[in-house]
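First up is the structure itself, then whatever we jot down about it.
The values are calculated or read from the model by the stated rules, or taken from the named source; none is laboratory data. As the structure is a prediction and not an experimental result, all values here were calculated from the model. We place every Cβ from the backbone using ideal geometry, glycine too, and count neighbours over all the protein chains shown.
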There are 2 protein chains.
Amino acid sequence: MAVYTDVSAEDLASFLADYDIGEPHAFKGIAEGVENTNYYLQTAKGAFILTLYEKRVRETDLPFFLDLMEHLARRGIPCPTPLRRRDAAAYGLLNGRPAAILAFLEGVSLRRPEPVHGRAAGRALAALHRAGMDFPARRANALGHDAWAAFARSCAASADTVQPGLAAMIVDEADFLARSWPKDLPRGVIHGDLFPDNVLFMGGTLSGLIDFYFACNDGLAYDLAVMINAWCFEPDGAFNVTKARSLIAGYEAGRALTVAERAALPVLARGAALRFLLTRLHDWLNQSPGALVRPKDPKEFVPRLKFHQGVAGPEAYGL
Amino acid sequence: MAVYTDVSAEDLASFLADYDIGEPHAFKGIAEGVENTNYYLQTAKGAFILTLYEKRVRETDLPFFLDLMEHLARRGIPCPTPLRRRDAAAYGLLNGRPAAILAFLEGVSLRRPEPVHGRAAGRALAALHRAGMDFPARRANALGHDAWAAFARSCAASADTVQPGLAAMIVDEADFLARSWPKDLPRGVIHGDLFPDNVLFMGGTLSGLIDFYFACNDGLAYDLAVMINAWCFEPDGAFNVTKARSLIAGYEAGRALTVAERAALPVLARGAALRFLLTRLHDWLNQSPGALVRPKDPKEFVPRLKFHQGVAGPEAYGL
């Protein structure tokens, strides 16, 4: 939630010269996205988000992300679409950073989504998975299951400063998942980060999916397991099975889980909990003094991981 | 430039229940204003800024600021106008803070304004001064000349850590100004902070004046002296007399300076330079570790103050 790169009206004007978009009527830095700098941009042609990609997004990944959003939008997924420049490129360079202009999506994200919202979001995830089937490009999941064992060890030295016992917990869990990770589940393009802040609603209706900068190729059901972690726990850490049932029913209305995917759900959910525990822990332990962002609390994912470790089977998720 | 207070869609919905504005189509925290938290809000009724007043704006001052904007807007000054609640109040309470909804102004602020922009901004300042003449409320300038001597002494102990000799410079200057401050100049409502980031342009045309949270009653020409400091120095510290001439000509097209005001301009400009040097120095020396804002560099105002100290008379400003 920060504006890392300052863009003046003059910088903007020269960047917009490569677009057929008209002159800016409004231009405001917005506090959205931990990874990038975002500006709200309005011209006579409409409303847009100007995104500058900061160091955590590699420029070599940008064509995947931007082409994917264009591909999905063409298939009816309400996601941001990059505006092409006059030379047809999907991004340019602004103040030394790759930068793209994306259509602005209306809607607001919910802090406390109800089961009905999770159902709509699950349905949207299934639609995204289907629409991604014929997307030709590939991107490995840089934060996927084969990265966790090394990642856990790199965080372990300081993990107990955050919570006693955390180092052993993450290393043991990563080792368990390395042994137990399900093979041969259906794969495809996943969003990878479909938390409630990345889903927009207008009234009760889902109006947008945003922040595709963790999108990659991985197991489809793992994407649903991310959502189980993100949408189905209460602020006090309690699991809400009604929300899980609703989320999964929404997903299955668009794409039925296979028998193997259902069986794997507890392990996938453990993996998703560990992934966010590890990345938040890393950001927590590596705060720079001048940071403009308050890192999210990794400890939120400890009870979630423990819950998944304790379930007897997929029926715990309301299946 | 930060969002200090987090507002969820759910918090927003209950706040909006007191307004006749419809439901939110967009709601984004924006990185604007050092003092307050601002959100861009869009509904079927239009675009707005939702401002939450943080601790630096006292709630007792809010009626002055909000009534003033309404008063000026009625007289044709392009400034944000507060949207009244159903009960006619100009602000309410949101997440424990006073909060108002203001009409969104189109336009962008310029980083490197040209003389033509300064002329338009000077003209707008004169229009603001005239439109404020019959505004009935009063607010003392909390950062006005009678506060500087004590303020300088409170910053002096650590000032030399920022730049050697700075402590003596600010204390001596404050003492000089206490002795030399001009009496009996025309007074009225001043903006008090009309830097280029508080003036919006669309194309070449001035479209808005924003951020009235330093507005108060003080000498009108002092407000122009603030603009001389803010609009007429180059990034390398050099004074640009063409910009000053243009700014003052723009101002005088709307309101002629009196003989006494012209004569006082060098002292007023010294005062304005000291005021921003002191407040920036204070913020620089009192950074909290978790701050989400990078303080502005106080040292920018050292060469400006020195310039004003060295001028032979008002003709240095192109008069």
- Message: Taking the conditions exactly as written (without any contact (Cβ under 8 Å) to a residue 60 or more places away in the chain, within 25 Å of A:Q42 (Cα to Cα) and surrounded by 17 or more Cβ atoms within 10 Å (Cβ to Cβ)), does B:L16 satisfy them or not?
- Response: yes
- Among (1) over 21 Å from the mean Cα position of the chain (by Cα); (2) touching a residue at least 24 places away in the same chain (Cβ under 8 Å); (3) more than 13 Å from chain B (Cβ to nearest Cβ), where does A:E54 come up short? (1)
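Determine if the stretch B:159-176 includes at least one residue that is more than 16 Å from the chain's Cα centre (by Cα), of a type in the set (F, W, Y), within 27 Å of B:L278 (Cα to Cα) and buried (at least 19 other Cβ atoms within 10 Å of the Cβ).
As a first pass, look at the stretch B:159-176 and keep what is more than 16 Å from the chain's Cα centre (by Cα): B:159-176.
Next, from what is left, pick out any that are of a type in the set (F, W, Y): B:176.
From what's left, within 27 Å of B:L278 (Cα to Cα): B:176.
Now drop any that are not buried (at least 19 other Cβ atoms within 10 Å of the Cβ), which leaves none.
No, that holds for no residue.
Answer yes or no as to whether A:V7 is within 10 Å of chain B (Cβ to nearest Cβ) and in a loop (DSSP other than H, G, I, E, B).
Numbers: within 10 Å of chain B (Cβ to nearest Cβ): yes; in a loop (DSSP other than H, G, I, E, B): yes.
Judged against the criteria, A:V7 is a match.
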- When the stretch B:266-319 is checked residue by residue, the ones that are acidic (D, E), surrounded by 15 or more Cβ atoms within 10 Å (Cβ to Cβ) and at pLDDT 95 or above are B:E300
- Query: Could you say whether any residue in the stretch B:20-29 is within 9 Å of chain A (Cβ to nearest Cβ), out of contact with any Pro (no Cβ under 6 Å at 6 or more places or on another chain) and either touching a residue at least 24 places away in the same chain (Cβ under 8 Å) or under 30 Å from B:R130 (Cβ atoms) (or both)?
  - Reply: yes
- Task: Filter the stretch A:226-240 down to residues that are part of a loop (DSSP other than H, G, I, E, B) and among the hydrophobic types (A, V, I, L, M, F, W, C) and give me whichever is surrounded by the most Cβ atoms within 10 Å (Cβ to Cβ).
- Result: A:C232
- Message: For the stretch B:30-43, which positions are more than 10 Å from chain A (Cβ to nearest Cβ) and closer than 18 Å to A:F201 by Cβ?
- Response: B:T43
- Message: Checking the conditions here, which among B:A73, B:A47 is modelled with pLDDT of 95 or more and within 9 Å of another protein chain (Cβ to nearest Cβ)?
- Response: B:A47
- Item | Any chance A:R85 is more than 16 Å from the chain's Cα centre (by Cα), assigned to a loop (DSSP other than H, G, I, E, B) and modelled with pLDDT under 95 | no
- Note on the structure: Checked B:A256, B:A225 against criteria (under 27 Å from A:A9 (Cα atoms), hydrophobic (A, V, I, L, M, F, W, C) and more than 14 Å from chain A (Cβ to nearest Cβ)); the one match is B:A225
- Would the stretch A:2-9 turn up any residue that is of a type outside the set (K, R), surrounded by fewer than 18 Cβ atoms within 10 Å (Cβ to Cβ) and without any contact (Cβ under 8 Å) to a residue 12 or more places away in the chain? yes
- Query: Checking B:R245 against (1) out of contact with any Cys (no Cβ under 8 Å at 6 or more places or on another chain); (2) crowded, with 20+ Cβ neighbours inside 10 Å, which single condition isn't satisfied?
  - Reply: (2)
- Within the stretch B:79-103, residues within 14 Å of another protein chain (Cβ to nearest Cβ) and either surrounded by fewer than 19 Cβ atoms within 10 Å (Cβ to Cβ) or hydroxyl-bearing (S, T, Y) (or both) come out as B:N95, B:A103
- Considering A:M169, A:M133, A:M202, which residue is away from every other protein chain (no Cβ under 14 Å), out of contact with any helix residue (DSSP H, G or I) (no Cβ under 9 Å at 6 or more places or on another chain) and of a type outside the set (V, I, T)? A:M133
